[in-house]
Each structure stands twice: as structure tokens, then as C-alpha cells.
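The values are calculated or read from the model by the stated rules, or taken from the named source; none is laboratory data. Quick caveat: nothing in here was measured; it's all calculated off a predicted structure. Cβ: placed from backbone, ideal geometry, glycine included. Neighbour counts: every protein chain shown. Heads up: the accessible areas ignore ligands, DNA and RNA and are worked out on the full protein's heavy atoms, side chains in. Shrake-Rupley method; radii C 1.70, N 1.55, O 1.52, S 1.80 Å.
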Amino acid sequence: MREILSRIVPTLGRMRLLVQLFMLWLLVYGSSVVGYYAAEKISGTLPALSCAYDKRDGDYCVLIPTQHILHHRIGEAIAQGQEVALKMLLPLGFTVLSFFVFFVLLNKMFCGWICPLGTLQELVYRLGRLFRLDTRRLEERHTAKARPVKWLLLVLLVLALPLAAGLGVTPHETGDAFCQVCPSRLATTLLTGDAEQAAIHTGGLGFAFGAVANTLFGFVLVGALALRQPFCRICPLLAFNAFFQRTSPMRLVKQQHDRCAKCGICHEACPMDIHEIWQSHGRGAFHEDCTLCGRCAEFCPDDGVISIKLGPLTLFRSAREYYKRRIRRESPHGEMKTIVWHDRKGRKDHV
Amino acid sequence: MVARVMLAGCMLLAVADGVAYGGEGHGQHAGQTHQPAADVAQPWTTYPLIEETSASMRNRAVFDVRNLPALSVQVYPPTGQGKFPERFAVQGGDAPYESLLQNGRFALTPGRKGNYHWITARAEVDGEVRVASSVRYFSNPGPAPTAMLAQPKHELEIVPMPLPREHWHYREGESWKFLVRFQGSPQAGATLRLITEQGSRVQFVADRNGVAEVTIPQDLPLPTGGANAGHHTRQKARFVLVTSHDKAQKHYVTTFNYHYIPSAMRDRSLMAGTIFMLLGGLLATPLLRRTGRGKKEKLNA
Ligand code: SF4
Ligand code: SF4
């Protein structure tokens with residue numbers, strides 16, 4: 001039994017892929033399992049981009065209620081001259097609380113293990129490897145520019161514009177501004193064979209939003225063939241989740257280690273190009289962009305340097321023997337069956 | 001278990017009053033958008049109807065019962081336990097209740113719990129049993145209407161399977177399933193007639209499970225206020241579904257009336273959408289240029 005299991009799930013990467021595929025199915029087509037009406041969805045505040053425009057979905061992402069409350073409850077109430085009383089803020093509080101009940105268990109694993117859009121981008125990247133396309137990475141100077149974008153999108157599209165729509169300052173369509181440009185809306189609805197969201201409005205602001213959304217979607221789809229997780233890097237949900245990242249007992253831990261300076265495979269393995277996982281340790285290594293995918297721990301060739309922990313429990317830790325097996329299947333960049341050998345001193349050696 | 005209960009409780013509070021979400025974006029739910037001028041005297045059908053009037057407000061819906069000499073209506077808030085996680089949360093809304101009609105009119109004010117409300121009115125005229133039914137959605141937390149719909153209410157019934165989800169509508173060109181049942185049993189081969197305010201008349205036949213797939217006709221005129229008129233001025237029209245049955249020298253006629261909105265694709269262009277997707281793909285092609293990285297890795301192999 002154990003042997004069969006270890007054949008099906010030989011690595012953490014395989015386990016993650018299986019979880020991702022299951023969650024992709026559950027979140028995109030899961031209404032037949034969880035239920036069709038909103039009251040039957042898994043949470044209604046999921047920390048992953050699961051879209052309500054998908055008529056067969058299993059859950060909705062937390063950004064939907066956040067925008068909705070800012071638009072229809074808080075914004076409209078202020079516009080009508082009512083005080084922003086507890087009654088108006090309560091739904092927002094409960095949305096965050098409901099989000100947190102899930103989030104606290106898995107932290108940003110929702111990005112790396114559960115988000116349908118994250119999974120789809122990874123699958124497209126695998127396709128790129130099948131076509132033997134070269135891979136692209138973001139250098140440190142590029143990530144420095146890309147990283148603030150997610151916060152900007154969170155503040156502008158998820159918080160400010162919906163509130164402004166409620167206040168009557170901006171048009172009604174901006175009430176769910178992020179949903180209007182979200183690539184997950186297009187990806188998940190197209191996966192269910194529904195072309196409505198891919199068809200853009202023929203006039204007004206709807207056209208502008210549609211043009212941006214579809215261009216972004218096309219860019220992400222093609223870009224993901226060579227660059228890992230292009231949208232994740234600017235995703236406002238990554239920022240939203242990052243806000244609560246330190247409140248969860250689930251975390252990435254990296255010990256200081258002498259050989260790191262000459263190595264850096266963890267950085268090469270990281271789909272988010274987080275250089276801090278290589279150059280830092282302790283708190284600084286668990287960066288706000290980390291999706292807890294665990295690839296850095298899988299590809300670290302030294303025992304116990306990087307680990308994923310839940311409170312005092314170590315769920316996974318880097319180990320030389322594991323690394324040897326892992327690297328035989330896949331390179332840190334995701335090329336399949338490429339063998340790059342690292343000796344104990346961290347020097348690269350090729351077989 | 002405790003966490004589940006807590007979670008479900010939070011969820012329901014989160015969807016409290018005005019926080020129910022769905023694919024139609026942020027327009028009001030079908031039952032809340034501006035109503036067609038139901039109070040206008042001009043009849044569009046002689047079948048029994050329960051129609052919302054323009055006197056409705058956010059949390060108080062006013063209805064007229066038409067073409068039916070009923071004295072009261074029965075209101076069924078969503079009740080009973082549903083699937084996980086709802087069964088741990090709100091244990092139903094209020095029990096079904098009766099509301100007396102005044103000049104054929106009544107007001108429906110929901111309790112704190114319960115979103116979908118099923119409304120029926122029944123009258124016997126010359127040995128014919130006539131039942132009108134409709135539904136109203138309020139933005140309140142509450143269980144899914146699955147159990148409420150499953151509950152038998154009259155002899156002959158038309159049961160939506162399912163109702164449009166929160167914020168969704170019946171739309172032109174869409175197919176929706178309806179169950180026809182008599183005394184709780186599905187009626188295989190039953191006929192469902194669809195009549196729209198625009199004058200369409202279509203007939204559908206239930207399969208062996210008593211379920212008919214009803215396609216909403218594309219008969220709404222093009223709007224005069226521009227294609228992209230927005231949620232709050234959304235065009236809509238009324239429809240009624242009618243079925244009948246004979247048993248023990250009694251004739252039964254039951255209706256379900258609601259409304260529908262224009263086709264989803266009316267003011268959208270798939271062609272334009274595809275062009276912008278291709279543009280996005282084109283903009284990403286520099287990322288696909290050879291970098292030598294793949295080559296290096298292949299050499300490493
Ligand atoms: S730092 Fe490690 S766990 Fe985090 S995203 Fe990068 S590879 Fe994944
Ligand atoms: S892979 Fe391990 S040894 Fe190499 S730099 Fe990263 S943490 Fe250090």
C-alpha cells in the first residue's frame with residue numbers, strides 16, 4: 001500500500017499537482033458537489049481566485065464580497081448621508097473573519113496549491129516545456145518593479161474604485177473593478193464552455209474593461225509558456241493574502257547556511273523568482289510573494305535548510321537524498337528529466 | 001465541528017443583507033430590479049399571475065394577484081436543512097404562512113433570515129382548481145431554496161430546477177429545467193406552455209422524470225436607450241408557464257410567472273474579445289524569444 005502510494009505521490013511536487021488538479025475541478029465545476037446556490041458554496045470568501053461568473057463553480061473568492069460590500073454597503077451608505085455605522089462595517093468584518101477561518105490553516109498555500117488561475121498558469125508553463133521553449137525569469141531589478149503592482153491593484157481596483165462607485169463618484173461598472181479585468185473570470189468560464197465573459201461589451205466603460213481584461217488574459221496565457229506565474233506576480237489577492245501572512249502558523253522557514261552563497265538552486269526553483277529565499281534567512285526568507293509551493297525546499301540540496309512548518313510541526317524539510325531523486329525528474333526551472341548535480345559544497349556538476 | 005459551525009455562521013453573516021454574490025455582477029437580483037409596469041391595467045395574459053408592482057421597495061415587495069379570485073396567498077420562505085455547510089448555519093427561515101389579499105394586493109416583508117420566497121395563490125372556480133405561483137428573492141442570509149422547492153404545496157405544481165442563482169436571471173435564449181408534479185409525483189409527458197409579454201407562445205413536453213427543458217424565446221425588442229444601458233435600466237419582460245391536469249372530474253391549471261432579460265450576448269462581441277486576446281498574446285511573444293536558457297539546460301542533461 002505504502003509502495004503504491006509512494007509511486008503515485010513520489011514527491012511533494014506530485015502531491016501538489018494532484019491537489020491542484022482536484023481543486024481546479026472542485027472550484028471550476030464543483031457546483032454539482034457542493035451545491036448551486038450561494039448558500040451552498042464552500043465559503044463565499046475563498047483566499048483564491050475562484051470566480052462567481054463561473055456558473056458551475058464550487059466557491060467564490062474573497063475579493064467579490066470585499067468589492068460588493070465597499071460598493072453597495074459602505075459607499076452607498078455614505079453617499080446617502082448615513083453614518084458608517086457598525087452595521088455597515090460588520091459584513092466586511094465577517095467577510096474577513098470567514099476568509100481568515102480558511103486562510104489561517106493553509107496561509108498562502110491557497111495561491112500555490114489551490115488557486116485555479118495559479119494551476120492553469122503552471123499547466124501552461126508545463127506545455128511550454130513540452131514545446132521545448134526557453135524559460136524566462138525575472139531578475140531582481142524586474143521583481144523590484146513588479147512587486148508593488150499587486151498592492152496598487154488591490155488598493156485601486158479592489159478597494160478604491162468599488163467604494164467610489166458606491167459614493168457615485170465613478171460609474172456603476174467600477175463597483176467590481178477587479179472582477180472586470182480578472183483573468184480567472186475568463187479562464188474559468190471558458191473552461192466550462194461559456195464564452196459570454198470572453199465576449200466584451202460593445203460600448204462604454206464595459207468595452208474598455210473588456211479590452212484590458214482580454215488583452216491581459218491573452219498576455220498571461222502566452223507569457224506563461226515561458227515565464228512562470230506571470231499574473232500571480234501582480235495579483236491583488238497575493239497582496240490581500242500577504243496582509244495576513246504572518247498571522248498563520250503555516251510558514252516557510254529557512255536556516256542560515258554557509259553553502260548558500262555558492263548555490264542558489266532554491267531561487268532557480270522558485271516560480272515567483274523570490275531571490276530572498278536564497279539571499280536571506282529567517283523571517284526575511286518567507287517573502288510576501290511566497291506561495292508556499294515548497295519547490296525551494298524540494299530543490300535545496302542540503303538537509304533541513306528550508307522547511308515548511310505548521311506551528312511546531314515540520315511538514316516538509318529539504319534533504320539531500322530527496323533532492324537527488326527530485327532533480328532526476330525535473331530541473332529547478334521545471335524542465336522535465338534534466339539532471340543537474342550539486343555536490344556537497346554546492347558546486348554544480350552535470351550528469 | 002465547532003470550526004465548521006463557526007465558519008458557516010460567519011459566512012451567513014457575511015452574506016447578510018446585500019452581500020449575496022453572483023455572476024451577474026452587481027446588478028440587483030431578478031426579483032429586485034425595476035419591475036415592468038405590472039400595475040398597468042392592460043392584460044397580457046388571462047392566466048393566473050402573481051405580479052410584483054412598482055410599489056415594491058428593497059425589503060418590502062408588493063404583489064398583485066391577477067386573473068384568480070383568491071382571498072389569500074401562501075408564502076414559503078426557504079426552510080429546512082440543506083447540504084454542507086448550510087445545514088450548520090441557518091436552520092430555515094420562518095414557517096410557511098398565509099397573507100390575506102386586499103383588493104388582490106399583498107405586501108411581502110421578509111424575516112431576517114431567508115432570501116428566496118415562494119408565493120402561491122389557489123382558487124377553485126366551477127370545478128377547476130387554479131394555482132398561481134411566483135418567487136421573490138431578498139438579499140438576506142438564509143438557506144438555499146432547495147428544500148423549499150422540494151416541499152409539495154398544491155396538487156399540480158411547476159417547480160424550477162433550479163431557480164436562477166443569486167444575481168442571475170432568466171435570459172433570452174437560455175434553457176432552464178422545470179419539474180411538473182401532481183400530488184408530489186413527477187408527471188411524465190406533461191405539457192408546459194410558455195407565454196411571454198412580447199407575445200411568444202411555445203410548448204414544451206416533460207420527459208419521463210416530469211422535467212421539461214424550457215428555452216426562453218428571443219423576442220425582446222432592441223433597447224432604445226443604447227446597447228449598454230447598464231444594470232439599473234435593464235430591459236425585462238414577463239413570462240408565464242402554464243400546465244394542466246385532469247383527475248377525478250377535476251381540471252387543474254397551474255402557472256408559474258416571472259420575468260426574463262435580454263440575451264447575454266446582445267451587447268457583447270466575441271469577435272472583439274478574441275481580437276483583444278490575440279493582441280495580448282502578441283504582446284507576450286517577446287517572452288518566447290530564445291534566451292539560450294533552455295539550450296543550456298538541455299546541454300546539462
Ligand atoms: S519561496 Fe519557495 S515556497 Fe515560496 S514561492 Fe518560492 S519556491 Fe515556492
Ligand atoms: S538551495 Fe538550499 S543551500 Fe542552496 S541557496 Fe537555497 S537554501 Fe541555500
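Quick notes on this one:
- Cα-based shape type of the stretch A:131-230, given that a ≥ b ≥ c are square roots of the gyration tensor eigenvalues and the cut on a/c is 1.5: oblate
- Considering only the Cα atoms of the stretch A:15-61, their convex hull presents on average a projected area of 3.0 nm².
- Average other protein chain Cβ within 10 Å of Cβ, residues A:219-229: 5
- Simple label model, 7 Å out from Cα along Cβ direction - B:A55 to A:V155, nm: 5.1
- Accessible area that becomes buried as B packs against A, both chains, 1.4 Å probe, Å², nearest 100: 6100
- Kyte-Doolittle at least 0.0, axis length at least 15 Å by Cα - qualifying DSSP helices, chain A: A:12-29, A:86-106, A:116-130, A:204-223
- Under 14 Å from the A:K309 label point (7 Å along Cα→beta-carbon), backbone N, the stretch A:252-272: A:252-256
- Taking all C-alpha pairs of the stretch A:248-341, those more than 23 Å from each other amount to 16 percent.
- Computed label-point distance, nm, for sites B:Q183 and A:R141 using a 7 Å Cα→Cβ extension: 8.4
- The protein assembly as shown - percent of accessible surface contributed by carbon and sulfur, probe 1.4 Å: 60
- Amide hydrogen neighbours beyond the local backbone of B:E174, cut-off 5 Å, H modeled: B:I216
- Cross-linked pairs A:K55/B:K177; A:K145/A:K262; A:K87/A:K108; A:K41/A:K309: Cα-Cα separations exceed 24 Å for A:K145/A:K262; A:K87/A:K108; A:K41/A:K309.
- Look at the stretch A:94-103: the mean tally of other chain Cβ atoms within 10 Å of its residues' Cβ atoms is 5.
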